[in-house]
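The values are calculated or read from the model by the stated rules, or taken from the named source; none is laboratory data. Everything numeric here is computed off the predicted structure, so don't read it as measured data. FYI the Cβ positions are ideal-geometry reconstructions off the backbone, even for glycines, and counts take in every protein chain you see.
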Amino acid sequence: SNVKLENKLKNRQFKQQSTAKKQRKEQRKLRQAISDVSQKAPKPLEHYKTKPEDEEDEEFLESLPTDMMEEDDLEEIRAMAQKASFITRDLSSSAPVHAKKRKSDQPLEKYEKMPRKMQQSDEKELIHLLPIKDKSGLIPQSMEKPEEQTESLLNLNPEEQLKLRSQKLMEKKLRIAALGSAILADPTCNIKKLKELRAMLMETDSCVAVTVRKLVMVSLMEIFKDIVPSYRIRPLTEAEKAVKVKKETKQLREFEEGLVSQYKFYLENLEQTIRDWKQKKQKGSQAVSLSCYKGLAEVAIRCMCELLVALPHFNFHNNITVVVVSFMNEPVKKVSEMCCEAVRKLLKQDKLGQASLATVRVISGLVKSRNYKIKPAVLDTLLSLRIKEVEVKKDSEDLAPKQKFMNFKEKKKNLSRMQRKVSITFYTLFPSSCDLSHKESLHCILTAFHILSGQGDVLNIDPLKFYTHLYKTLLVLHAGASNTDMTIVLKCLDVMLTKRRKQVNLHRALAFLKRLATLALHVMPDSCVGILAANRTLIHTFPKCDILLDNDMQGSGVYLPELDEPEYCNPQNTCLWELHTLKRHYHPMVKKYASHLLAGAPSEGSGALSIDLSRRAPSQLFEDYSVKDMTFNPPVMGPPSKKKVTSLQS
């Protein structure tokens with residue numbers, strides 16, 4: 001077999017070589033013939049003679065009647081001989097000799113000598129239609145997209161321009177409405193119309209481009225909110241694609257695949273519009289000027305915010321979250337407020353915790369990336385977290401069997417979704433180093449203990465630093481400072497001391513009781529009433545605090561009022577002498593509470609308060625006796641008259 005194959009190859013090579021020799025021989029004969037013709041030409045044409053390229057070609061056209069040829073024909077032959085295409089028998093660039101006319105009959109000769117350019121026709125955009133089914137199968141159908149006839153606006157007056165714009169805009173609105181109605185009427189069958197509607201996001205008619213793009217953005221947003229299912233769509237595996245399914249199942253899969261694809265493209269278009277605005281780039285045609293990109297970007301961000309709140313369960317929600325959160329700290333106030341409001345709505349309505357957990361993580365990353373230099377409104381959104389609504393008992397019971405055998409790291413790994421959200425929130429609100437005012441620090445303390453009072457007990461945080469900071473901050477308040485800060489102080493005392501009574505020792509409670517009594521001498525009457533009410537609650541919560549109503553020493557050491565450590569200031573060696581001063585206060589409620597505390601804060605008897613006063617919280621009493629209108633509440637009695645004084649002296 002190998003021998004036969006070699007013989008076949010040799011025969012094929014021999015045939016190819018012989019064919020090539022014949023072709024070369026014919027070419028040499030042709031060149032020689034042309035050379036002979038040029039040698040027998042008349043004398044006036046001697047300067048057209050060319051030297052033969054091969055001296056071996058001398059056997060062709062000897063019988064050619066050169067005496068009957070005219071000078072034009074001879075000149076044409078010589079010119080053709082100079083062309084390689086003619087010699088190599090490539091006649092694509094040379095016409096046959098018999099088709100050549102005389103110069104007198106060639107009025108377009110000068111155009112023929114110019115190089116010809118191939119006219120390339122632009123490919124027209126096709127619109128894919130529904131296929132037609134016959135016996136042979138499916139036949140795809142398509143049509144060319146009709147070209148919009150753009151009329152020049154330069155030759156029209158302002159009234160005509162406005163009329164033309166209104167007409168075009170109405171046509172676009174009707175088209176958007178027709179596509180939207182068809183999709184909403186039957187989303188499964190008309191899912192492909194989403195692509196046609198989304199193509200209008202790239203409207204190129206400068207007369208209506210900005211308005212049409214805004215309308216399409218909002219229309220698509222509302223359509224997706226209506227047709228998106230109540231579950232996340234996952235891609236099919238190869239095994240699932242290979243399984244033969246029913247017609248209805250196949251149609252549903254095609255709808256879901258098309259919906260996810262168009263939703264993704266829509267979000268990418270919105271994000272690209274926002275990115276172009278931030279980067280000040282003008283993409284595509286000049287239909288939309290750079291000055292209009294801000295309005296387009298604001299509409300795109302609004303659509304993102306709507307989808308963030310409306311579709312937290314659907315695909316690409318985390319991508320939307322990243323975009324919206326990144327603009328919460330935007331310098332443009334309108335954009336920042338829009339994004340913050342959307343995040344607040346999401347955190348308030350989220351019941352499962354998955355969307356809010358992802359949002360808190362992104363906010364935490366934003367805060368850390370900006371080195372904690374962000375707008376207060378960004379952190380205010382975290383107040384909408386539903387941390388207080390978590391069922392603490394249920395979660396603690398679930399973790400109870402495992403807590404005996406888990407250390408801190410293992411416990412942290414087994415946190416629930418809400419517990420992880422609490423942890424991320426804590427480390428977002430309380431960085432390692434930051435400079436805050438006393439009001440901001442009070443807000444941080446209050447937030448910290450709201451977190452630690454619930455499931456935050458798994459955090460490795462020592463609350464002693466917060467007690468020390470609050471103890472030190474109390475003396476910063478006075479009658480000349482803002483009186484509204486007292487509301488935060490009273491809330492902090494309730495969360496840190498009353499509700500955490502089991503974690504607070506007696507020395508700490510005594511120290512706060514004494515410092516609050518000292519603070520009551522320096523504040524406005526309404527704040528003084530709130531502080532005395534808080535001290536009453538402390539005496540009831542820690543009954544042994546009544547030792548401060550006695551003058552006897554309770555241990556070694558001396559009370560150190562200037563020390564900022566409540567644990568080591570020896571509060572047991574002092575007494576509440578401030579109550580005797582407050583007992584002679586000009587405000588009637590301050591006098592009443594001071595006398596009540598001096599009597600030991602009894603719940604019944606001669607020194608007890610009325611039921612109405614005893615049931616009010618300290619913060620509520622502060623609001624009830626507020627002096628924000630610069631009037632005493634209740635009115636204060638004036639000084640005694642001179643006549644009464646004279647009578648007393650007599």
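Within the range 421-460, the set of residues being at pLDDT 70 or above and hydrophobic (A, V, I, L, M, F, W, C) comprises 436, 442, 444, 445, 446, 448, 449, 451, 452.
The residue list 179, 220 contains one member that is surrounded by 12 or more Cβ atoms within 10 Å (Cβ to Cβ), modelled with pLDDT of 90 or more, within 27 Å of residue 163 (Cα to Cα) and in contact with a Leu (Cβ under 8 Å, 6 or more places away or on another chain), which is 179.
Residues in the range 270-281 that are buried (at least 19 other Cβ atoms within 10 Å of the Cβ) and not charged (D, E, K, R) were compared, and the one that is farthest from residue 196 (Cα to Cα) is 277. Sub-6 Å Cβ pairs linking a first residue in the range 204-233 that is farther than 30 Å from residue 254 by Cβ to a second residue that is surrounded by fewer than 20 Cβ atoms within 10 Å (Cβ to Cβ) and of a type in the set (S, T, N, Q), at least 6 apart or interchain, are 204/285, ordered by first then second residue. Please enumerate the residues belonging to the range 304-326 that are aliphatic (A, V, I, L, M), closer than 15 Å to residue 354 by Cβ and within 11 Å of the chain's Cα centre (by Cα). Those that are aliphatic (A, V, I, L, M), closer than 15 Å to residue 354 by Cβ and within 11 Å of the chain's Cα centre (by Cα): 308, 320. In the range 583-604, the residue that is farthest from the chain's Cα centre (by Cα) out of those that are in contact (Cβ under 8 Å) with a residue 24 or more places away in the chain and not in a loop (DSSP other than H, G, I, E, B) is 598.
Every residue, every condition in (1) part of a helix (DSSP H, G or I); (2) of a type in the set (Val, Ile, Thr); (3) assigned by TED's automatic domain parsing to the domain that holds residue 301, yes or no:
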{"site": "190", "(1), (2), (3)": "no, no, yes"}
{"site": "218", "(1), (2), (3)": "yes, yes, yes"}
{"site": "255", "(1), (2), (3)": "yes, no, yes"}
{"site": "258", "(1), (2), (3)": "yes, no, yes"}
{"site": "268", "(1), (2), (3)": "yes, no, yes"}
{"site": "274", "(1), (2), (3)": "yes, yes, yes"}
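Among the candidates 510, 538, the residue that is part of a helix (DSSP H, G or I), in the same structural domain as residue 587 (by TED's automatic domain parsing) and crowded, with 23+ Cβ neighbours inside 10 Å is uniquely 510. Say whether the condition of being under 19 Å from residue 451 (Cα atoms) and surrounded by fewer than 20 Cβ atoms within 10 Å (Cβ to Cβ) is met by at least one residue in the range 329-346. Yes, the conditions are met somewhere in the range 329-346. Residue count for the range 289-322, restricted to those that are aromatic (Phe, Trp, Tyr) and either assigned to a helix (DSSP H, G or I) or surrounded by 19 or more Cβ atoms within 10 Å (Cβ to Cβ) (or both): 2. Of all residue pairs spaced 6 or more apart or on separate chains, those with beta-carbon atoms under 6 Å, a first member in the range 337-360 that is touching a residue at least 60 places away in the same chain (Cβ under 8 Å) and a second member that is surrounded by fewer than 23 Cβ atoms within 10 Å (Cβ to Cβ) and basic (Lys, Arg) are 353/417; 357/417. Given the criteria in a loop (DSSP other than H, G, I, E, B) and either at pLDDT below 95 or at negative phi (or both), does residue 282 qualify? Yes; evaluated as a whole, the condition is true for this residue.
Pairs linking a residue in the range 497-522 that is among the basic types (Lys, Arg) to a residue that is assigned to a helix (DSSP H, G or I), with Cβ atoms under 6 Å and 6 or more positions apart or on different chains, are 501/541; 514/571; 515/474.
Within the range 239-250, is even one residue assigned by TED's automatic domain parsing to the domain that holds residue 210, at negative phi and surrounded by 13 or more Cβ atoms within 10 Å (Cβ to Cβ)? No, the conditions are met nowhere in the range 239-250. Determine, yes or no, whether residue 608 is in a loop (DSSP other than H, G, I, E, B), surrounded by 14 or more Cβ atoms within 10 Å (Cβ to Cβ) and at positive phi. Taking the combined requirement at face value, the residue does not satisfy it.
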